[in-house]
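Below: the structure, in structure tokens.
The values are calculated or read from the model by the stated rules, or taken from the named source; none is laboratory data. In this text, all values refer to a predicted model and were calculated from it rather than measured experimentally. We place every Cβ from the backbone using ideal geometry, glycine too, and count neighbours over all the protein chains shown.
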Amino acid sequence: MRCSRTLQQIGLGDGVQRAQTCLTPHASCHTGRVSAQTIVILDFGSQYTQLIARRIREFNVFSVVLPCTAPLDEIRALAPIGLILSGGPSSVYDADAPPADPALLSFGVPILGICYGLQFIVHHLGGRVASASRREYGHAEVSILDPAAPLFAGVPTAIEAWMSHGDEAQQLPEGFRLIAQTSNALAGIANDERRIWAVQFHPEVHHTPLGSQILRNFVVGLCAAQADWTPTRFIESTVASIREKVGSGHVLCALSGGVDSSVAAVLVHRAIGSQLTCVFVNNGVLRKNEFEQVTRNLREKLGLNLVPIDASERFLDQLSGVTDPETKRKIIGREFITVFEAEAERIAAQAGRIDWLVQGTLYPDVIESSSVRGPSQTIKSHHNVGGLPERMKMKLIEPLRDLFKDEVRRIGRDLGMPEEILGRQPFPGPGLAVRIVGEVTPERVAILQNADEIVVGEIKAAGLYSQIWQSFAVLLPVRSVGVMGDQRTYAYTCAIRAVHSEDGMTADWTPLPHELLKRISNRIVNEVRGINRVVYDITSKPPGTIEWE
Ligand code: XMP
């Protein structure tokens with residue numbers, strides 16, 4: 001998620017021309033968009049807003065998130081077939097409540113309000129919202145008062161729902177009727193004539209088990225969406241629009257071997273073939289054999305025109321003696337740009353010139369950078385290639401900027417990419433450098449590569465790899481005394497980290513089976529010279545982070 005912040009931090013300014021290729025007729029996204037029925041979600045600052053967008057995409061309907069303050073003209077340019085007003089942390093009476101335009105409510109398409117969205121509707125259409133005498137947080141039983149209401153089609157008369165509100169609607173605006181309630185408060189309202197519906201609970205979270213059905217009723221039923229936004233359609237239209245945009249130009253891609261940059265490269269390759277050159281840099285802190293494996297995979301299995309550059313010595317030289325996490329990150333980012341730029345110049349000399357740069361930016365980064373919650377604090381400077389297009393005067397192709405991670409995988413499958421690439425867990429740009437606490441030396445990189453290979457290998461053998469967001473080893477600078485045979489050892493400690501997460505923003509540590517942990521620990525201590533102790537990291541995010549640095 002934080003990649004977008006880094007884009008700005010390292011200088012991707014508004015001056016950079018973007019060549020978005022996606023399916024919406026978005027006014028501000030001037031290029032290459034192919035019309036698709038769109039649901040617009042207006043974000044009032046809820047932590048669940050992205051989830052609404054994801055749920056709707058699961059119905060094969062395209063959805064976009066805009067700040068609730070987006071000008072009406074911008075919304076109109078998307079020709080939405082429905083609007084959803086999200087939840088949010090404010091009270092409608094707060095002086096700093098988001099200043100959304102109440103004219104939204106006369107937009108002329110079906111509207112669904114969720115939580116704060118309901119209160120916004122009630123407040124601006126003449127009803128009354130007040131602080132609840134009994135606030136509702138967590139599970140609630142909701143009674144459906146009007147089972148014939150189209151919003152509740154196929155839903156029983158009592159459902160479990162997730163609530164999170166301190167204010168409540170106490171008097172409905174004229175023309176509205178109550179369609180659901182809890183024992184405590186109003187839970188659903190409707191105005192069929194104005195085509196406005198609203199629920200106080202959160203249908204988008206999985207704690208509301210029938211929430212998806214309710215959202216589907218709104219999107220497919222009330223908004224009459226055709227549910228035709230499929231991977232195949234996305235690929236066809238994206239390929240066509242890249243082809244049209246690029247013409248006979250030359251395109252460069254900085255490949256990391258991860259899912260996003262690989263899928264982006266394959267999409268562009270499908271559009272323009274040999275006009276695309278991919279550069280893959282070995283920064284010396286990749287996983288064991290990764291440089292060779294990724295090169296083989298992308299060249300042989302996917303036919304990409306790939307230039308592998310082994311710059312490991314240069315990176316490791318620069319990292320020598322450095323222990324501060326942020327300094328490590330900055331060095332790796334800086335060196336990457338230097339190496340990539342030099343290679344790009346060489347390629348440009350051969351190709352004539354390079355006009356475009358492919359980036360695997362995903363939708364969460366795009367939403368995050370325009371969130372009504374404002375920019376979040378930088379915890380770590382993420383490494384990516386965001387500074388390149390401006391320095392090198394290249395235009396950007398971001399074919400995935402409307403997609404969530406799981407959608408990127410679906411697209412990759414449709415493109416015929418191997419699971420070996422699509423199923424990979426995320427790996428940070430600064431690689432093992434942020435998993436080696438303390439100094440990064442060639443010896444310590446080799447130690448961690450060997451331990452990491454065992455962790456990942458055993459987790460794969462146990463059939464758990466694809467169910468876990470990330471699982472890896474971390475090398476600590478702590479040395480402790482052990483005994484092997486009858487010999488004293490004094491060696492490093494290795495931590496095992498395995499986490500579940502939806503998007504990397506929050507994470508829970510994964511309770512790996514004890515037998516598996518035992519096998520991993522045994523193998524590391526026996527097979528990896530330099531490690532004599534293994535510990536298990538049981539910290540969630542927050543307050544921890546996923547990577548140790
Ligand atoms: P943290 O450690 O901040 O990581 O909890 C959240 C997610 O981001 C990944 N990560 C990075 N990804 N460049 C990236 O592209 C980076 O510099 C970077 N640092 C962390 C991390 O692996 C996790 O998935």
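Look through Val434, Val455 and report the one residue that is among the β-branched types (Val, Ile, Thr), over 21 Å from the mean Cα position of the chain (by Cα) and within 15 Å of the ligand (Cβ to nearest atom).
Only one candidate qualifies: Val455.
Given the conditions (1) within 16 Å of the ligand (Cβ to nearest atom); (2) at pLDDT 95 or above; (3) in contact with a helix residue (DSSP H, G or I) (Cβ under 9 Å, 6 or more places away or on another chain), and given that Ile546 satisfies all but one, which numbered condition is not satisfied?
(3)
Contact list please: Cβ distance under 8 Å, first residue in segment 479-503 and touching a residue at least 60 places away in the same chain (Cβ under 8 Å), second residue within 16 Å of the ligand (Cβ to nearest atom), pairs at least six apart or on different chains.
Pairs found: Asp503/Met1; Asp503/Gln50; Asp503/Pro364; Asp503/Lys405.
Considering only segment 122-151, how many residues are closer than 20 Å to Ala180 by Cβ, in contact (Cβ under 8 Å) with a residue 24 or more places away in the chain and over 30 Å from the mean Cα position of the chain (by Cα)? Spell out the reasoning first.
Kept after step one, since they are closer than 20 Å to Ala180 by Cβ, are these residues of segment 122-151: 122-123, 125, 127-130, 132-151.
If we keep only those that are in contact (Cβ under 8 Å) with a residue 24 or more places away in the chain too, we end up with 122-123, 125, 127-130, 132, 134-146, 149-151.
Narrowing the set further to residues that are over 30 Å from the mean Cα position of the chain (by Cα) leaves 122-123, 125, 127-130, 132, 134-135, 141-146, 149-150.
The number of residues fulfilling the criteria is 18.
For Phe291, indicate whether it is aromatic (Phe, Trp, Tyr), assigned by TED's automatic domain parsing to the domain that holds Asp310 and assigned to a strand (DSSP E or B).
Criteria not met by Phe291.
For segment 236-250, which residues satisfy the criterion of being among the hydrophobic types (A, V, I, L, M, F, W, C) and out of contact with any helix residue (DSSP H, G or I) (no Cβ under 6 Å at 6 or more places or on another chain)?
Filtering segment 236-250 down to residues among the hydrophobic types (A, V, I, L, M, F, W, C) leaves 239-240, 242, 246.
The one that is among the hydrophobic types (A, V, I, L, M, F, W, C) and out of contact with any helix residue (DSSP H, G or I) (no Cβ under 6 Å at 6 or more places or on another chain): Ala240.
Among Gly257, Gly249, Gly221, which is of a type outside the set (Phe, Trp, Tyr) and within 16 Å of the ligand (Cβ to nearest atom)?
Answer to the check: Gly257.
Within the group Asp508, Asp486, which residue is away from the ligand (no atom under 16 Å from the Cβ) and at pLDDT below 95? Even if it seems obvious, please write down each step before you answer.
Details: Asp508 fails: away from the ligand (no atom under 16 Å from the Cβ).
Only one candidate qualifies: Asp486.
Taking segment 43-92, which residues are of a type in the set (Val, Ile, Thr), outside any helix (DSSP H, G or I), out of contact with any His (no Cβ under 9 Å at 6 or more places or on another chain) and surrounded by 19 or more Cβ atoms within 10 Å (Cβ to Cβ)?
Passing the criteria: Val61, Val65, Ile81, Ile84.
Looking only at helices (runs of 4 or more DSSP H) that fall completely inside segment 392-505, which ones have 1 or more residues that are within 30 Å of Val239 (Cα to Cα)?
Numbers: elements: 405-414, 419-422, 442-461.
Once the helices (runs of 4 or more DSSP H) in segment 392-505 are filtered for at least 1 residues that are within 30 Å of Val239 (Cα to Cα), what remains is 405-414, 419-422.
Working only within segment 35-48, note down all residues that are farther than 13 Å from Leu112 by Cβ, at pLDDT 90 or above and out of contact with any Cys (no Cβ under 9 Å at 6 or more places or on another chain).
Thr38
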